[in-house]
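**Student:** Structure below; questions to follow.
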Amino acid sequence: MAKKSKRTIPALIYQYQGPQRNVGFVLSPLYIEESVEVEMEADPRTGEEMKALDPCWENPITKDVWVGILSELDQQAVAEPELRIFLNRFTTWVRNHLQLADGIEVTGNL
């Protein structure tokens, strides 16, 4: 019997320098159902109001918000070459996935 491949979701994982059991943040494309109305600073699925980035839960961020975030990251003055390389790779990853997704969800488990 042939094995069926599981559906995969492209994700970007950043692990901080702390206990090994903690990942840090996982970023993945966000797809919103057409029937759900999205408001700024609200979870597009539940409508729950979001006041700030939650380091221990889901943070669905819509494409229009990412445009501003990416603009700020592009303009960020960085003295360390390694940090600029990281920012360039990060913003490229986000831009590539925003071509098809409605946003990027940041999930934390710190």
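Each reported figure results from applying straightforward, stated rules to the coordinates on display, with no laboratory input. If you're wondering where the values come from, they're calculated on a predicted model, not measured in any experiment. Methodologically, a virtual Cβ is constructed for each residue, glycine included, from the backbone with ideal geometry; neighbour enumeration extends over all protein chains shown.
**Student:** What nm value, rounded to one decimal, do you get for the distance between residue 74 and residue 57 when each label is placed 7 Å out toward the C-beta?
**Tutor:** 3.3
**Student:** What net charge is computed for the residues neighbouring residue 103, neighbours being all others with C-beta under 9 Å from the C-beta of residue 103, Lys and Arg scored +1, Asp and Glu -1?
**Tutor:** -2
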